[in-house]
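Where a number appears in this text, it was derived from the coordinates with a stated rule and is not lab data. Only a predicted model underlies this, so the values are computations on that prediction, with no experimental measurement involved. Please note: Cβ atoms are built from the backbone with ideal geometry, for glycine as well, and neighbour counts cover all protein chains shown.
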Amino acid sequence: MKRKRILAAIVILALFLGAYLAFATDYKYVGSSKSSKYHYPTCQRAVKIKPENLVTFKSAKEALEAGYTPCTVCKPPTED
Ligand SMILES: [Zn+2]
């Protein structure tokens, strides 16, 4: 019986971790550490960014404060 409780605790912890990770990866814009433009994640230029160079932003404000400027192709907003 004790083993079942431990198993249930592990399942609950895994669910919390999943929810946390889903929240942590909730971003609106992306950029590259090799450039100073930020994009919509669906932008043709954004999809070419290598995973190791990918930078994410939760808002346009966050991207601007990090010194990034809007991409001229996908034209993300400067405030949201
Ligand atoms: Zn773009």
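List LEU54, LEU15 from most exposed to least, where exposure is judged by having the fewest other Cβ atoms within 10 Å.
Working: LEU54 14, LEU15 10.
With the fewest neighbours first, LEU54, LEU15 line up as LEU15, LEU54.
Scoring 39-46, 5-12 by mean Cβ neighbours within 10 Å over their residues and listing the highest first yields 39-46, 5-12. With a Förster radius of 41 Å applied to the beta-carbon distance between THR72 and ILE10, the computed FRET efficiency rounds to 0.25.
Which percentage, to the nearest 5, of the DSSP beta bridges contained in region 2-70 is antiparallel?
Details: 6 of 8 bridges.
About 75 percent, rounded to the nearest 5.
A Stokes-Einstein calculation at 20 °C with viscosity 1.002 mPa s, built on the Kirkwood radius of the chain over Cα pairs, returns a diffusion coefficient of 149 µm²/s.
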